[in-house]
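Beneath this line is the structure, given in structure tokens, with notes to follow.
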Amino acid sequence: MIDKGYPVVDRGKFEEFEPLEIDMNDDFEPRVGQIEALESFMTAGSGVVVIPPGTGKTVLAVMATAELEAPTLILTTKAEVVEQYRDEYLDKTSLSDRKISVIHGGVSKKTVSPVTVTTYQSATTRTVSRKLWDREWGLMVLDEAQHIPSDVWRRVIDFQATRRLGTTATAVREDKKQKEIFSLIGPLVYAPSWKKMENRGAIAKAETEVLLVPMAKSRFKRYHQADKRKKYELASSNPKKFEVIGHLLKKHKGRKTLIHAYYVDLAKEVSRRFDIPIVYGETPQSKRRELYDVFREDEIDRLVVTEVGSEGIDLPSAELELEICGLYGSRMKGTQFFGRILRPKEEPAKFYDIVSKGTMEEEKAERRREYLVSRGYEFHFSDWEGGYDTEDAGGGKRDQPLKPGGPNMNSSEGFQERLKRYLGIAADCPHKKSPSRTSSKEKASCEHPRGSGTCHVGDCPRLGKQKGSEDQEAR
């Protein structure tokens, strides 16, 4: 049954465990949806809660511990989130500091307490896993449950607990193993409509826009000659994106802004050009926490993040996001970064997806947006036609209005048509001739008549050279 993707619903009596002395503080007020989610979980016994980012999954776990009075093991994705859980338990419950432990790479002493929060990676090490096995857990919380089907992280399912609570905003996987989330943890117990949650004030309203940025033709030529990985790098690091970033930072000056890039070098370049702090893989844990704290406390209003900051980090004041380079077509990652701006706020949040026009980045970005579209979000498309002095994010030589795209700009047909219009060519190389009938081994070739101009088709064997450098064209 599990192999077929069906969750096991256990109707047997739950084992008894030694109760934990814990209560929610008197001044605690649950947010919209948290009571319904908790009641659904308690009725089912174990299962998965799928709620939008920003609706309080961390606090839901705290509420479950208090409701069950259960010794609790929480597993999550990164050290920063481990610390967030610890802070919420101490802030919202009667639990004392000595009854909660955190375990991650930045902690030297690996101790286990009645409430223990750790990363999946730490939990699978031999030393820590043995300590976790020795405890009788009344509740195991599996944060970001969409990761559980992975070959490494699924090992934590072997830890014994009376109840299991999985929490996630994105119950999707690109390897199509999402059914295993429920097989390994329990059935889906609560999954409200995102738009209904928005209407109830549980999450912020969000305006979404896709900006299509042209590439210099010399760069396009390199793009069409490259392999798939290099193509994505060339499209993602399109120099004209810096014009767009500068324009948007000026347009939304003063708004709390997150800028996300999958490629670290690109993120560093944005940080350097616009003098914005950055969090990436090599940023020490202490520095990460410091930057997140000063962003939360409004001491800085802009932050560049790579993948380490795209999931699970609580930045409630973020109200503007610029996605300048996503993780290929990952719907999970695209939605997780989008979710950083969904904490309730008075004004609508704003999300920009900045992609290179007529490239595979468009198709990958479309894939990343699929889950959000299924949740009811609509994306407006615009062509970037501006010229901008990127040396100064606060001003420039000139700002050009964004040209709205047509209604089918996100369709595959629209993508191909834009590519043709941009290059000024037909879909197939017009210079190719068919192989000779007398020689089956002869390959199709490209013949450029004199004065015919340059062929920009990617597989044309005689790509002509463009005058001027790429940097000149980008300017």
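The values are calculated or read from the model by the stated rules, or taken from the named source; none is laboratory data. Values in this document were obtained by computation on a predicted structure and should not be read as measured data. Cβ placement follows ideal geometry from the backbone for every residue including glycine, while neighbour counts extend to all protein chains displayed.
Out of the residues in the range 16-59 that are charged (D, E, K, R) and closer than 24 Å to residue 80 by Cβ, which is nearest to the chain's Cα centre (by Cα)?
Filtering the range 16-59 for residues that are charged (D, E, K, R) and closer than 24 Å to residue 80 by Cβ, the one nearest to the chain's Cα centre (by Cα) comes out as 57.
How many residues does the range 235-250 hold that are in a helix (DSSP H, G or I) and either free of Cβ contacts under 8 Å to residues at least 40 places away in the same chain or under 20 Å from the mean Cα position of the chain (by Cα) (or both)?
4
Every residue, every condition in (1) among the charged types (D, E, K, R); (2) within 23 Å of residue 338 (Cβ to Cβ), yes or no:
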position: 237; (1), (2): no, yes
position: 248; (1), (2): no, yes
position: 255; (1), (2): yes, yes
position: 262; (1), (2): no, yes
position: 267; (1), (2): no, yes
position: 290; (1), (2): yes, no
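What is the number of the single condition among (1) part of a loop (DSSP other than H, G, I, E, B); (2) surrounded by 24 or more Cβ atoms within 10 Å (Cβ to Cβ); (3) among the β-branched types (Val, Ile, Thr) that residue 111 does not meet?
The one condition residue 111 does not meet is (2).
If residue 178 meets every condition in (1) of a type outside the set (D, E, K, R); (2) in contact with a helix residue (DSSP H, G or I) (Cβ under 8 Å, 6 or more places away or on another chain); (3) at pLDDT 90 or above apart from one, which number is that one?
Just one mismatch for residue 178, condition (3).
Please go through the range 338-380 and give me each residue that is hydrophobic (A, V, I, L, M, F, W, C) and more than 18 Å from residue 197 (Cα to Cα), ordered by number.
Across the range 338-380, the qualifying residues are 351, 354, 355, 360, 365, 379.
Say whether the condition of being of a type in the set (Gly, Ala, Ser), surrounded by fewer than 18 Cβ atoms within 10 Å (Cβ to Cβ), free of Cβ contacts under 8 Å to residues at least 40 places away in the same chain and part of a loop (DSSP other than H, G, I, E, B) is met by at least one residue in the range 253-261.
No, every residue in the range 253-261 fails to be of a type in the set (Gly, Ala, Ser), surrounded by fewer than 18 Cβ atoms within 10 Å (Cβ to Cβ), free of Cβ contacts under 8 Å to residues at least 40 places away in the same chain and part of a loop (DSSP other than H, G, I, E, B).
Would a scan of the range 108-119 turn up a residue that is in contact (Cβ under 8 Å) with a residue 12 or more places away in the chain and under 15 Å from residue 288 (Cβ atoms)?
Yes, the range 108-119 has at least one match.
Name the one entry in 317, 271, 286 that is modelled with pLDDT under 90, polar (S, T, N, Q) and either within 12 Å of the chain's Cα centre (by Cα) or not in a loop (DSSP other than H, G, I, E, B) (or both).
After ruling out the rest, the residue left standing is 286.
Which pairs have Cβ atoms under 6 Å, sit 6 or more apart or on different chains, and link a residue in the range 178-191 that is in contact (Cβ under 8 Å) with a residue 60 or more places away in the chain to one that is among the charged types (D, E, K, R) and buried (at least 19 other Cβ atoms within 10 Å of the Cβ)?
Sorted first by the residue in the range 178-191, then by its partner, the pairs are 185/164; 186/164.
Identify the residue in the range 296-343 that is of a type in the set (Phe, Trp, Tyr) and out of contact with any Ser or Thr (no Cβ under 7 Å at 6 or more places or on another chain) and, among all such residues, is surrounded by the most Cβ atoms within 10 Å (Cβ to Cβ).
If we take residues in the range 296-343 being of a type in the set (Phe, Trp, Tyr) and out of contact with any Ser or Thr (no Cβ under 7 Å at 6 or more places or on another chain), then 338 is surrounded by the most Cβ atoms within 10 Å (Cβ to Cβ).
Tell me yes or no: at least one residue of the range 273-287 is surrounded by 18 or more Cβ atoms within 10 Å (Cβ to Cβ) and touching a His at 6+ places or on another chain (Cβ under 8 Å).
Looking for residues that are surrounded by 18 or more Cβ atoms within 10 Å (Cβ to Cβ) and touching a His at 6+ places or on another chain (Cβ under 8 Å), one finds none in the range 273-287, hence no.
For the range 216-234, name all the residues that are assigned to a loop (DSSP other than H, G, I, E, B) and in contact with a His (Cβ under 7 Å, 6 or more places away or on another chain).
Answer for the range 216-234, where residues must be assigned to a loop (DSSP other than H, G, I, E, B) and in contact with a His (Cβ under 7 Å, 6 or more places away or on another chain): there is none.
Quick check, is residue 301 assigned by TED's automatic domain parsing to the domain that holds residue 358 and on the phi > 0 side of the Ramachandran plot?
No: the conditions fail for residue 301.
Please go through the range 63-78 and give me each residue that is hydrophobic (A, V, I, L, M, F, W, C) and touching a strand residue (DSSP E or B) at 6+ places or on another chain (Cβ under 6 Å), ordered by number.
64, 66, 68, 70, 73, 74, 75
Condition first: surrounded by fewer than 21 Cβ atoms within 10 Å (Cβ to Cβ) and outside any helix (DSSP H, G or I). Can you find one or more residues in the range 353-366 that meet it?
Within the range 353-366, not a single residue is surrounded by fewer than 21 Cβ atoms within 10 Å (Cβ to Cβ) and outside any helix (DSSP H, G or I).
Test of understanding: among 118, 55, 65, which residue is assigned to a helix (DSSP H, G or I) and crowded, with 21+ Cβ neighbours inside 10 Å?
65
What are the pairs, 6+ residues apart or on separate chains, where a residue within the range 142-166 that is more than 15 Å from residue 61 (Cα to Cα) has its Cβ under 7 Å from a residue that is assigned to a helix (DSSP H, G or I) and of a type in the set (Gly, Ala, Ser)?
Qualifying pairs under 7 Å: 156/123.
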